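Structure first, then comments.
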Amino acid sequence: MRNRSARFLKRWLKDMDSDESLRLEGTEILFDSDLYPKVIAGAVNEAGAGIPRCPLIVSEYLDLSFKRLSASRQRSSRVVFDFNRVADKDKVIKGTEMYLARKSQGQEAVVQVFFDAKTHDFVSIPYSSEDLGRRAA
Amino acid sequence: MIYLDYQATTPLDDEVADLVDSAGRRFWANPSSPHMAGMRSQEAIEGARRKMVRLLGCRPRELFFTSGATEANNWAISMVKASQEHHIITTAIEHKSMLDACRAFQRGGGDLTVLPVDNKGFVNPTEVKRAIKPTTRLVSVMAANNEIGSVQPITDIASVTGEAGAPLHSDATQAIGYLIEDITQYPADLVSFSSHKLYGPKGIGALYISDKFQTSNKGVPSLLHGGGQEGGKRPGTQNLPAIVGFAKALELSRAALTDERSRVKQLKSMFLDLLLSHHPDIMTNSPQELCLPNCLNIRIPGLDAGELMSAVPHVAISAGSACNSNDQQPSHVLMAIGLSAAEARSSLRIGFGRTTTPEETRDAALAISAAVSLMKAS
Ligand SMILES: Cc1ncc(COP(=O)(O)O)c(C=O)c1O
């Protein structure tokens, strides 16, 4: 997934207009988030190559998951349940927003299930393309 | 006590109060904390936001929780940098939280126009059009007035502002419970409202900022600075119990919207008819049409409203807005519709609401009538 994300950044760095929700600020590649004041999608190293950060990797992973899902089933609405540790909540939510806002083709939802393997306690938070997708103004 | 002051605030609904209480006990962890208890709090807030946006027809990214409508109004005004090149238009009958924020903008060097209203409290869209300049950055016109109930011609005003490309803000604090259902159909780019006018808890409100405004404005400047709450746009640990209660209060108000609208309107007519049958010289400051269904402002010639209120201590009504009955000035709204200071002082606001019964309405009207007769005789 890291390689897939790095390939995405390589393409984006060549054509930044291809995704206007991202911007380069110094050496940081920032995602314009509604949920967080700052989301770092990646960084540019001294050689000029893009190094993906966790939110972008989560977003690419969701992108792949939804692609697989749509290939396997012809359904108009798709849901991915994603199980994660609570300690990863911010990177996972940032990545979920990055996917739903930038890539989703609509009618998609991600239910983030934060799970405690010891106590079996969990909290689930639903995110949908309807809520987070960017609508043309 | 017969409570007839629903424009000042509404009593907390029992179901909402239970929910606020249990949310405060269950979800006390900080919603930003990266542990299970914090996640539960975060989900409680996001669940409340989802509920509200479904009811209002907007999107989560368009709804920001604030400490009330006062903050929401101040926030909207703060988005325009105070300078002579930046112009704001507002009206003479806005709530103090809007007018004072606008005055502060003006003191800071901003260019401000305060539009007059007619004798029933209506803003003329043609005057809005005339006031717009190339430098106009915001027009703010309230949806419905909190003292006399006049409901502004927002659609016509919005077509004027839309044509000029000036964003429109509207303080819908009094209107949200009766007049506005789908907020995206309401033609303002920014809308302030508050929970405590909807039988919800105090100290919580919201600013709706349309996607369109956010996109054309390239984001949302924040009023406060601090943590990352509300996407960093309104930092500060969220008032979770109040947010949960706010969502429930909105849900309950939607369930009974149409019935409640006509019920309170009937109570209002019944009250006025009774009063007029005893004292035909009583005048109404509120407009007959295009008025909040539950708001009535009347004038009893020659009487002092304060004295009358003291004569009927078991009826909770208001002389002008509760917000400015402290400052001993005649109401700026009543002055703006052309009343003299003496006329403003003889004016009363009566507000009807969910718990008002026809019996209470009759008893209050009779008590006020009797007090007026006594005062006139003495
Ligand atoms: C029209 C209007 N705007 C704003 C406010 C202030 O609301 P809050 O008490 O939530 O700050 C009020 C309440 O009195 C109001 O009636």
* Normalised per residue, the volume of the convex hull around the Cα set of the protein assembly as shown (Å³) -> 166 Å³
* **Cross-link reach list, lysines versus B:LYS218, counting only Cα pairs under 18 Å and skipping chain neighbours closer than eight places** => A:LYS38, B:LYS81, B:LYS233
* What is the average number of partner chain Cβ atoms found within 10 Å of a Cβ in B:341-353? -> 0
* Structure fact -> So the angle from the long Cα axis of helix A:2-14 to the longest Cα principal axis of chain A, reported in degrees to the nearest 10, equals 40 degrees
* Fluctuation leader among A:SER59, A:SER21, A:SER76 - chain A, Gaussian network, Cα springs under 10 angstrom -> A:SER76
* To do: Under a cut-off of 18 Å between alpha-carbon atoms, report the aspartates and glutamates in cross-link reach of A:LYS10, not counting same-chain residues fewer than 8 places apart.
  => A:ASP19, A:GLU20, A:GLU25, A:GLU28, A:GLU46, A:GLU60, A:ASP63
* Structure fact -> Between B:SER140 and residues 5 or more places away or on another chain, the pairs with built amide H atoms under 5 Å apart involve B:ILE89, B:THR90, B:HIS169
* Structure fact -> In this structure, the FRET efficiency calculated for B:ALA370 and B:LYS129 from their beta-carbon separation, with R0 = 45 Å, to the nearest 0.05, is 0.40
* For chain A, built as a Gaussian network whose Cα springs stay under 10 Å, the top-fluctuating residue of A:ARG23, A:ARG68, A:ARG78 -> A:ARG68
* What number, rounded to the nearest 500 deg cm²/dmol, is the helix-based mean residue ellipticity at 222 nm of chain A, given -39500 (n - 2.57) per DSSP H run of at least four residues and division by all its residues? -> -11500 deg cm²/dmol
* **Entries in A:LYS14/A:LYS67; A:LYS94/B:LYS202; A:LYS89/B:LYS202; B:LYS133/B:LYS197 that, when Cα-Cα distance is taken, lie over 26 Å** => A:LYS94/B:LYS202; A:LYS89/B:LYS202; B:LYS133/B:LYS197
* Asked: Name the residues of region A:39-60 whose amide N is less than 12 Å from a point 7 angstrom out from the Cα of A:LEU24 along the C-beta direction?
  -> A:43-51
* To do: Answer rounded, prolate or oblate for chain B, using the Cα gyration tensor with square roots of eigenvalues a ≥ b ≥ c: rounded when a/c is under 1.5, else prolate when a/b is larger than b/c, else oblate.
  => oblate
* If the cut-off is a Cα-Cα distance under 14 Å, which aspartates and glutamates reach B:LYS96, setting aside same-chain residues fewer than 8 apart in sequence? -> B:GLU71, B:GLU147, B:ASP171, B:ASP327
* Normalise the Debye intensity by I(0) for region A:2-132, one equal point scatterer per Cα, no solvent, then take log10 at q = 0.09, 0.14 Å⁻¹ and round to two decimals. => -0.27, -0.64
* Asked: So what's Rg/Rh here for region B:42-83, counting alpha carbon atoms and using the Kirkwood radius for Rh?
  -> 1.09
* Asked: If you rank B:PHE246, A:PHE81, B:PHE64 by fewest surrounding Cβ atoms within 10 Å, what's the result?
  -> A:PHE81, B:PHE64, B:PHE246
* To do: As a check on your grasp of the helix formula, calculate [θ] at 222 nm for chain B: sum -39500 (n - 2.57) over DSSP H runs of n ≥ 4, divide by the residue count, round to the nearest 500.
  => -12500 deg cm²/dmol
* Structure fact -> Residue span B:THR155 to B:ASP100: 0.36 nm per residue of separation minus Cα-Cα distance leaves a gain in nm of 17.3 nm
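Readers should treat all values here as calculations from the given coordinates under stated rules, not as data from a laboratory. Please read these numbers as outputs of a predicted model, since none were measured by experiment. Neighbour counts run over all protein chains shown; Cβ positions are idealised from the backbone, glycine included.
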